[in-house]
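K.L.:
Following this message is one structure expressed as structure tokens.
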Amino acid sequence: MSLAEVRDLPGGARLLLAHQPGRPSTALGIYVTVGSRHEPWEAQGLAHFVEHVLFKGSELRSARELARAVDRLGGEFDAHTTKDFTAYTARVLAEDLDAALDLMEELVFSPAFPEEAVEAERRVILEEIAEASDDPEDVVWEELASLLFGPEHPLGWPILGRPETVRRIDRRLLRDFFSEAYTSPNLVFAVVGALSPEAEEKVQRRLADLAAARFEPSRLSFGNAEAAPAVPPFPSGARRELCRETAQTHVVFAWPALPYGDIRLPVLLVLEALFGGSASSRLFQRVREEDGLAYSVYSSLGLHPDVGYLGAYAASGNAAGERVEEAILREAEALARGELAGAEVEEARDFVRRSYLLARESLGSLRDRLAQELIFTGRIDSEETFLSRLADTTFADVRELAREIFSVEPAVVRLAPCPRGRRNRRTPHGRR
């Protein structure tokens, strides 16, 4: 049985419906397929700024009145900006579906952009940037994106923007970006819950009217795939050293992986799980459990429609920093040589399967995963298709992909206390 259905709406908008019988709540989402990678260089942080300001008052109600309306529903309303899209989400009781749709439509599509709210949110975002810059873990991951994609590609830019670009963004620019980007060709609506056929048809009619009202061909350059800058080659061997007075050394590695829609995604998920994505993974067991070098050590995947990377992070006492790097590299080099055991592949595959199935229990997580898949690939594969591909993932598949990924010299960012007289050192993109 297919988990979700996608229906076309006027103007190129899409409606994602996923029926979950017996659930008392419903998860909603409005996804705009515009993120930080679609911004102009001089206005980095623009998509995130718009997301903030939409909660600060509509043409009908003030921010306080909107907040009260949210509280009356007793649900969860949230928003977040990624590099590829912006999401406005809610979870409410099924009986409040119509009221939640009313509120989300008003929040997202009837903003007032009050001048005083723009200035207040500018200050909030600058504080958000300052907070992130005080977190060494955030810093090394942000610097890694810059190292991987370079200063000219928007995937290398921070989602929050930079202080100097956020200060330049004004009300006119926010309104222009909103009117150009928040149009039906860039909209995905998602409704996940216990929906009757009558409720599904009612939701579709309502959102079709909304999409028709928002129809306007996108005028932004991102609307033309050919206008998007090409992703630069992976910067094999690039290294960036950052200096700061910290109690720990923070290091992050990246190897080239697969884009989100690659047919081998289940193989990559298994490989990432056994490398550093679970408590029994190689990194966790070696670096933390056996050697006792770090409390925080893990791997993660950075996946986009057109590119992907496998990352690994660790934070350790400064005296152990070099040993941690060596331990992580030893595990990567062993995988590059194909040193895998059949049992660990089987265990990692089962971990991925069970995690995938458990994630369905959260309507919000299910909604977000399905929406991301639709945005990134233009389709939603059935649950059976994914599980079948996962079950068909063999030891040889994982070993082959491990050799492919880990045979490349990683890009590395390290943050540690500076030796006396030494400043931050940044290597050119793609060069040592």
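K.L.:
Could you check how many residues of region 322-372 are under 19 Å from Glu409 (Cα atoms) and of a type outside the set (Asp, Glu)?
P.N.:
12
K.L.:
For region 26-54, which residues satisfy the criterion of being out of contact with any helix residue (DSSP H, G or I) (no Cβ under 7 Å at 6 or more places or on another chain) and either crowded, with 22+ Cβ neighbours inside 10 Å or part of a helix (DSSP H, G or I) (or both)?
P.N.:
Trp41, Glu51
K.L.:
Where the second residue is among the charged types (D, E, K, R) and buried (at least 20 other Cβ atoms within 10 Å of the Cβ) and the first is under 21 Å from Arg337 (Cβ atoms) and assigned by TED's automatic domain parsing to the domain that holds Gly321 and lies in region 401-422, which pairs have Cβ atoms under 8 Å and are six or more apart or on separate chains?
P.N.:
Correct list of pairs: Val412/Arg240.
K.L.:
Within region 204-234, which residues are touching a helix residue (DSSP H, G or I) at 6+ places or on another chain (Cβ under 9 Å), at pLDDT 90 or above and assigned by TED's automatic domain parsing to the domain that holds Leu15?
P.N.:
Arg206, Leu207, Ala208, Asp209, Leu210, Ala211, Ala212 - these are the residues of region 204-234 that are touching a helix residue (DSSP H, G or I) at 6+ places or on another chain (Cβ under 9 Å), at pLDDT 90 or above and assigned by TED's automatic domain parsing to the domain that holds Leu15.
K.L.:
For region 276-299, give me the residue count where each residue is surrounded by 16 or more Cβ atoms within 10 Å (Cβ to Cβ), among the small types (Gly, Ala, Ser) and in contact with a strand residue (DSSP E or B) (Cβ under 8 Å, 6 or more places away or on another chain).
P.N.:
Of the residues in region 276-299, 5 are surrounded by 16 or more Cβ atoms within 10 Å (Cβ to Cβ), among the small types (Gly, Ala, Ser) and in contact with a strand residue (DSSP E or B) (Cβ under 8 Å, 6 or more places away or on another chain).
K.L.:
Restricting the search to region 354-367, which residues are surrounded by 12 or more Cβ atoms within 10 Å (Cβ to Cβ) and assigned to a helix (DSSP H, G or I)?
P.N.:
Ser355, Tyr356, Ala359, Leu363, Gly364, Ser365, Leu366, Arg367
K.L.:
Being in contact with a Gly (Cβ under 8 Å, 6 or more places away or on another chain) and either assigned by TED's automatic domain parsing to the domain that holds Asp368 or surrounded by fewer than 17 Cβ atoms within 10 Å (Cβ to Cβ) (or both) is the filter here; which residues of region 154-184 pass it?
P.N.:
The answer is Arg162, and nothing else.
K.L.:
Regarding Phe351, is this residue part of a helix (DSSP H, G or I), touching a His at 6+ places or on another chain (Cβ under 9 Å) and in contact (Cβ under 8 Å) with a residue 24 or more places away in the chain?
P.N.:
When the stated conditions are applied, Phe351 does not pass them.
K.L.:
Looking for whichever is in contact with a strand residue (DSSP E or B) (Cβ under 7 Å, 6 or more places away or on another chain) and farther than 23 Å from Asp368 by Cα here; the options are Pro114, Pro136, Pro163. Which one fits?
P.N.:
Pro136
K.L.:
Which number in (1) surrounded by fewer than 22 Cβ atoms within 10 Å (Cβ to Cβ); (2) in a strand (DSSP E or B) marks the one condition that Glu106 misses?
P.N.:
Of everything listed in (1) surrounded by fewer than 22 Cβ atoms within 10 Å (Cβ to Cβ); (2) in a strand (DSSP E or B), Glu106 misses just condition (2).
K.L.:
Give the number of residues within region 13-35 that are on the phi > 0 side of the Ramachandran plot and at pLDDT 95 or above.
P.N.:
0
K.L.:
Among the residues of region 145-165, how many are among the hydrophobic types (A, V, I, L, M, F, W, C) and in contact with a Ser or Thr (Cβ under 7 Å, 6 or more places away or on another chain)?
P.N.:
Total satisfying the criteria: 2.
The values are calculated or read from the model by the stated rules, or taken from the named source; none is laboratory data. Because the structure is a prediction, the values reported are computed rather than measured. Every residue, glycine among them, receives a Cβ derived from its backbone with ideal geometry; neighbour counts consider all protein chains shown.
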